[in-house]
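Heads up, the thing below is written out as structure tokens.
The values are calculated or read from the model by the stated rules, or taken from the named source; none is laboratory data. Computed from a predicted model, the values in this text were never measured in an experiment. Here the Cβ positions follow ideal geometry from the backbone for every residue, glycine too, while neighbour counts run over all protein chains shown. Each accessible area value is taken on the protein alone, full model and side chains, heavy atoms only, with ligands, DNA and RNA left out. Shrake-Rupley method; radii C 1.70, N 1.55, O 1.52, S 1.80 Å.
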There are 2 protein chains.
Amino acid sequence: MAIASAALPECSDCPIRHRAVCARCEPEELDALSRIKFYKTYAAGQTIAIRGEPLETVASIVKGTATLTRSIEDGRTQLVGLLLPSDFIGRPGRSEAQYDVTAVTELTLCCFHRRPFEELLEDMPHVRERLLEMALDELDAARDWMLLLGRKTARERISSLLALIVKRSIRPDGGILGDKGRVELPITRETMANYLGLTIETVSRQLTKLRKDGIIQLEGKRTILIPDFGALLAETGDDDDGGMIF
Amino acid sequence: MAIASAALPECSDCPIRHRAVCARCEPEELDALSRIKFYKTYAAGQTIAIRGEPLETVASIVKGTATLTRSIEDGRTQLVGLLLPSDFIGRPGRSEAQYDVTAVTELTLCCFHRRPFEELLEDMPHVRERLLEMALDELDAARDWMLLLGRKTARERISSLLALIVKRSIRPDGGILGDKGRVELPITRETMANYLGLTIETVSRQLTKLRKDGIIQLEGKRTILIPDFGALLAETGDDDDGGMIF
DNA sequence: TGTCCGGGTTGATCTGTATCAATGCGATCC
DNA sequence: GGATCGCATTGATACAGATCAACCCGGACA
């Protein structure tokens, strides 16, 4: 979650730039992977996996945004991960989904059946190494989010999310933050609320307040302008800038 | 966090049963590990690492309890991990601590200098495999905790923590839950509060309420009796029992 | 035996966020 | 153009949990 997408070698004839799978592969390894991979696309809102149900594939996200959620039967829902291009879905060695996975935009996945993928992994220690690095990065991100959920105010949460989105340069086209600090939100207010442990009303109110305070400008519902990124960071409640250089 | 400690081969002459490091090692590998390991003990309350400062060792917990925390300068603190015997501290490939690590009881660590440990790892793929499994287990646990922090009520949080402690059989002596459902809390109310994203007053009040409702009995401050574990689980807000068999 | 001290409990009150309810607003479809 | 629908905003009110404050209790120590 907390990793910037850098330019990576492509997976053979594949448009995907898997951080996990291809970053350090030799050409013959990429070919072997290509032989067992297949693509799958989902429409916005479509369910990809349900907690507890068998999931015999792993996948990298090629294009679009998906969410990982945990929820309680009474309807309470918590988003536990936001999946963006080059993120990895699925856990080697486990055949059941641990989370509900849902496409929030149109989504393209590069999939592998679990078994053959695991067999290939046997001879590709660097892929397992990458998977470990990614899991540890995800763990750090999850723990940062625990601080947010446990201790931050609504205003700090919203600011943190906006800052995160800017840092990850989340845009439907996969582009980098423009010079004017314009950000396209890839998610609805409801998704934001579920990520932040708030209600949609609180999200809406806090966005309005940040606008009135001049921290952000709203351009339509889904576009946010950030005139002064430092001012936004000052609202996040974090001590530092999280290692960003701006 | 979410792993039961099973009997494991010991690390040569070492009393520790590292899940991560020793579980699948050959005798000669254990010897190699033994040659570079060293023990360190800490008093309750002592600081083991501080976020952002260099940490040139990794370690397994042999005995005692430690916490991982993230905090904000203004004093707000969130516990992001509870470390118990056989848990692993430190991340291969990273030389700075990401969290504050503190001993909450008297603590014994089995340490390795990072460099030589990483070099040994080169030839022990099964250790890296174990580290990946553990990281993914931790990630699942962290995400479960996100649901708790984002969406559960105070009563549900307390119940969840008690249930977790029972499941992990957390006791100073490392023993297993007794037949009468007696649990020793290894942590203070303040630590509980920081884990649950609550205040100590709320923790105290909810414990009192659970006692009045007959879900638990308090025996002194640190011992809790659970007459009916199912009744406690019903208070956690979780749909299922998390795969426990009782 | 009294004092101190750290941790825990309990009470009164405050407040940030949830909840309930109404309204706005743009897109789509007839 | 009007009806409809999904999403977002805004307002009024309720309430869970925080905050502030007092008190309790057991152990250490003089």
Per-residue ³J(HN,Hα) for segment B:182-191, Karplus 6.51 cos²θ - 1.76 cosθ + 1.60, θ = phi - 60°, Hz, x for Gly and Pro: 8, 10, 8, 6, x, 9, 7, 4, 5, 5
List, in order, the whole-Hz ³J(HN,Hα) value for each residue of segment B:71-81 obtained from phi through the Karplus relation with A = 6.51, B = -1.76, C = 1.60 and θ = phi - 60°; use x for Gly and Pro. 9, 9, 3, 6, x, 4, 9, 10, 6, 10, x
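How big is the dipole moment of segment A:19-144 about its Cα centre under a simple scheme where the beta carbon of each Lys and Arg is +1, that of each Asp and Glu is -1, and everything else is neutral? Debye, nearest 20, please. Write out the running numbers ahead of the final one.
Numbers: 16 positive and 22 negative charges, 59 e Å.
Roughly 280 debye, rounded to the nearest 20.
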Rh (Kirkwood; distinct C-alpha pairs) - segment A:19-144, Å: 15.1 Å
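Assigning unit charges at the beta carbon (Lys, Arg +1; Asp, Glu -1) and nothing else, what dipole magnitude in debye, to the nearest 20, does segment A:153-234 show about its Cα centre?
Details: 14 positive and 9 negative charges, 22 e Å.
Here the size comes out at about 100 debye.
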Listed by chain and number, the lysines with an alpha carbon less than 27 angstrom from that of B:Lys212, same-chain partners under 8 positions apart left out, are B:Lys152, B:Lys167, B:Lys180, B:Lys221
Between A:Glu190 and A:Ile72, what FRET efficiency comes out of the Förster formula 1/(1 + (r/R0)^6) with R0 = 22 Å and r the beta carbon distance, rounded to 0.05? 0.85
HN-Hα J in Hz across segment A:218-225 - Karplus 6.51, -1.76, 1.60, θ = phi - 60°, x for Gly and Pro: 9, 10, x, 8, 10, 10, 10, 9
Accessible area (Å², 1.4 Å probe, nearest 10) - B:Glu122: 130 Å²
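Evaluate the relative contact order of segment A:153-234 (contact order divided by residue number), counting alpha-carbon pairs under 8 angstrom at least 6 apart; express in whole percent.
With pairs under 8 Å counted, the relative contact order is 33 percent.
Tell me, what is the FRET efficiency for B:Ile200 and B:Glu118 to the nearest 0.05, using R0 = 41 angstrom and their Cβ-Cβ distance as r? The partial results should precede the final answer.
Numbers: r = 41 Å, r/R0 = 0.99.
That pair, B:Ile200 with B:Glu118, gives E of 0.50.
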Taking placed amide H atoms and a strict 5 Å upper bound, the residues 5 or more places from B:Tyr39 or on another chain that come that close are B:Cys111
FRET efficiency, 1/(1 + (r/R0)^6) with R0 30 Å, evaluated for B:Glu96 and A:Glu56 via beta carbons: 0.20
By accessible area with a 1.4 Å probe, ligands and nucleic acids excluded, highest first: order of B:Asp123, A:Asp140, A:Asp239: B:Asp123, A:Asp239, A:Asp140
Charges on Cβ only, +1 for Lys and Arg, -1 for Asp and Glu, centred on the Cα centroid of segment B:19-144; of B:Thr77, B:Tyr99, B:Pro27, which one is farthest towards the dipole's positive end? B:Thr77
Binning every alpha carbon pair distance of segment A:153-234 at 10 Å from zero, what are the percents per bin? 19, 58, 23, 0
At 7 angstrom along the Cα-to-beta-carbon line, where would the label on B:Thr47 sit relative to the other copies? Give the distances in nm, shortest first. 4.9
